[in-house]
1. Which one of these is under 15 Å from residue 2 (Cβ atoms), more than 8 Å from the chain's Cα centre (by Cα) and modelled with pLDDT of 95 or more: 19, 38?
2. Yes or no: residue 24 modelled with pLDDT of 95 or more and in a helix (DSSP H, G or I)?
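The values are calculated or read from the model by the stated rules, or taken from the named source; none is laboratory data. Only a predicted model underlies this, so the values are computations on that prediction, with no experimental measurement involved. Reconstructed Cβ throughout: ideal geometry from the backbone, glycine too, with neighbour counts over all protein chains shown.
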Amino acid sequence: MLEAYDDILTIPEVADILKIGTSQTYKIVRSGQLKGFKEGKDWKIPKNCLIAYINQRICY
């Protein structure tokens with residue numbers, strides 16, 4: 001699923017992957033639940049951090 005994406009993701013890409021809005025994605029990143037870094041005005045999210053975020057939320 002994530003193979004089509006680069007190793008560094010943008011907020012709109014993460015929102016698309018998680019099927020949520022960009023404003024909710026910003027909240028998750030700013031809260032520290034999803035690790036990312038700011039480059040200029042833009043947030044960048046490493047793909048491995050998104051995978052870790054998703055894995056933490058999977059219910060078994």
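1. 19
2. On the way: modelled with pLDDT of 95 or more: yes; in a helix (DSSP H, G or I): yes.
Here the answer is yes, as residue 24 does meet what is asked.
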